[in-house]
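The values are calculated or read from the model by the stated rules, or taken from the named source; none is laboratory data. Since the structure is predicted, the reported quantities are computational estimates derived from the model, not experimental observations. In this analysis, Cβ positions are derived from the backbone assuming ideal geometry, glycine residues included, and neighbour counts consider all displayed protein chains. When the accessible area is computed, the model is the full protein with side chains, heavy atoms only, and any ligands, DNA or RNA have been set aside. Shrake-Rupley method; radii C 1.70, N 1.55, O 1.52, S 1.80 Å.
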Amino acid sequence: MTTPMPHSNGPRNPAGTQGSAPKIPLPGQHLTVQPADPDRIRGDVDDLLAELDGVAADEGTETGVDLTRRAHILEQAHEVLVRALATVDKI
């Protein structure tokens, strides 16, 4: 006859042996990326759009340089938003 083994209700690790339970990370804890700060993002985009307003461009008299400069500013604002969305997607 065998001696019954007492059962413990303690946590078990994946191998089935007793021990402390593995720690489960919180969402986003594994990332080294800083979370997106809405106020900073809004400020960055606002600064770029203000710069866009500063580009001298009267209707009908825009030069190729003006259009190129405006396109570059809009591209920068787009990149700010894309980086912010990528950060949020990773969390």
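Count the net charge of all other residues whose Cβ sits under 11 Å from the Cβ of Val80, scoring Lys and Arg as +1 and Asp and Glu as -1. Display every interim value, and only then the final one.
Details: positive: Arg40, Arg42, Arg83; negative: Asp44, Asp46, Asp47, Glu75, Glu79.
Charge balance near Val80 sits at -2.
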Requested in this report: Please find the FRET efficiency linking Asp39 to Ala71, where r is the Cβ-Cβ separation and R0 is fixed at 30 Å, and quote it to the nearest 0.05.
Outcome: 0.65
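Hey, if we sort Val65, Val45, Val82 by accessible area with the 1.4 Å probe, largest down, what's the order?
Values: Val65 110, Val45 25, Val82 60 Å².
My answer, sorted largest first, is Val65, Val82, Val45.
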